[in-house]
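Data block below; observations after.
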Amino acid sequence: MPPGEPMAEPESLIKYPTDFPIKIVGLNQAGFEAAIAQVLRTHAPDFDVTSIQVRESRAGKYLSISATIVARSRDQLDALYLELTRHPMVRVVL
């Protein structure tokens, strides 16, 4: 590539739209599930909140939320991950 030419963006390995599973872990506190559902709906308006699965850790300190959204673009996923990782109730996003 000649100097000064912008690098081409790598081709996405994900073909959109696609069902995209996501797992969010946070402290077991009131309002965690509702807060995460709101973030998911913001970035995936067609998300069905009744499909959320919640599990409590063995000691009960953490909750993990599993959900599947319809991902329509990399930009959508990037924005979703950014908001989730910055959320004060969230510890880990997978």
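Here are a few things to note about the model shown:
- Whenever a residue of segment 27-44 is free of Cβ contacts under 8 Å to residues at least 12 places away in the same chain, its partners that are surrounded by fewer than 18 Cβ atoms within 10 Å (Cβ to Cβ) and in a helix (DSSP H, G or I), lying with C-beta atoms within less than 8 angstrom and at least six residues away or across chains, give the pairs R41/V49.
- When segment 13-62 is filtered for residues that are of a type in the set (G, A, S) and within 20 Å of E83 (Cβ to Cβ), the ones remaining, listed by number, are G26, G31, A34, A35, A37, A44, S51.
Computed from the coordinates by the stated procedures, all read-outs in this text should not be read as laboratory data. The shown structure was predicted, so the numbers you read here are calculated from the model rather than taken from an experiment. Note that we place each Cβ from the backbone using ideal geometry, even for glycine, and neighbour counts take in every protein chain shown.
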